[in-house]
Amino acid sequence: MNANDDIELMRQVRQGSEAALRELVERYRVRLYRLAYNLLDDHASADDAVQETFIRLWQQARRFRPGSSVSSWLCTVCARRCYDELRRRRRHLEAVAPFVLDAVRPDALEADELMSLLQRVVANLPTKQRVVYQLREIEQMDTDEVAAATRLSVDQVKANLYLARNTVREKLKQYGI
């Protein structure tokens, strides 16, 4: 993938090219799905978020600033959709499930088990911390991009990232990791 190719495809999408839209979908659907699934922890919701991201791409391509990164723009749109879904879920929950991890012997952890444990720890972070951690640590977006995606200030992003990192570190320490 070349950033200049992405910019050209966005230019074509702005002019109504469905072929250019299909190309962007092919380039980014897996990455956006991974982001959405890691934030929402639900396949159907992740599919919906990705689909809505591409619908918004088609409908709002004119809002894309040509000097921007297409990748970051799409991740921002998808993350905002996921963030909205997480807020909606939170409003409908009557009680928050307690943080529960299966008992795991640290010396028996394989790479897959370690990744699974990390995903469970991250999934149980408070919503803002989880979203910020996912975008910054997993998707490798810079702090300004995370702030734009979450509509948080840069200071709020840094604070939530700090808290998330500490929580993850402490939870993993409990398992000798």
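The values are calculated or read from the model by the stated rules, or taken from the named source; none is laboratory data. Treat the numbers as computed from the prediction; the structure is a model and nothing was measured. Note that each Cβ is placed from the backbone with ideal geometry, even for glycine, and that neighbours are counted across all protein chains shown.
Does LEU32 satisfy the condition of being of a type outside the set (Lys, Arg), under 18 Å from ILE55 (Cβ atoms), touching a residue at least 40 places away in the same chain (Cβ under 8 Å) and touching an Asp or Glu at 6+ places or on another chain (Cβ under 6 Å)? Spelling it out, it is not the case that LEU32 is of a type outside the set (Lys, Arg), under 18 Å from ILE55 (Cβ atoms), touching a residue at least 40 places away in the same chain (Cβ under 8 Å) and touching an Asp or Glu at 6+ places or on another chain (Cβ under 6 Å).
Restricting attention to segment 57-74, the residues that are surrounded by 14 or more Cβ atoms within 10 Å (Cβ to Cβ), among the polar types (S, T, N, Q) and farther than 17 Å from TYR133 by Cα total 3.
The listed residues are VAL77, VAL13, VAL30, and the only one of them that is closer than 30 Å to VAL121 by Cα, β-branched (Val, Ile, Thr), buried (at least 16 other Cβ atoms within 10 Å of the Cβ) and outside the structural domain of ALA123 (by TED's automatic domain parsing) turns out to be VAL77. Just the residues that are part of a helix (DSSP H, G or I), modelled with pLDDT under 90 and of a type in the set (D, E, K, R), please, taken from segment 56-74. Hits for segment 56-74 are ARG62, ARG63. Among the residues of segment 138-177, which ones are touching a residue at least 24 places away in the same chain (Cβ under 8 Å) and among the acidic types (Asp, Glu)? Hits for segment 138-177 are GLU139, GLU145. For segment 30-44, name all the residues that are modelled with pLDDT under 90 and more than 12 Å from the chain's Cα centre (by Cα). Hit for segment 30-44 is ASP42, nothing else. Listed by first and then second residue, the pairs linking a residue in segment 42-68 that is free of Cβ contacts under 8 Å to residues at least 60 places away in the same chain to a residue that is exposed (fewer than 14 other Cβ atoms within 10 Å of the Cβ) and aromatic (Phe, Trp, Tyr), with Cβ atoms under 7 Å apart and 6 or more places separating them unless they lie on different chains, form an empty list. Look through segment 126-177, keep the residues that are in a loop (DSSP other than H, G, I, E, B) and under 12 Å from the mean Cα position of the chain (by Cα), and return whichever of them is modelled with the highest pLDDT. Among those residues, the one meeting the criterion is MET141. Going residue by residue through segment 20-34, is there one that turns out to be closer than 19 Å to THR150 by Cβ and of a type in the set (A, V, I, L, M, F, W, C)? Yes: one or more hits.
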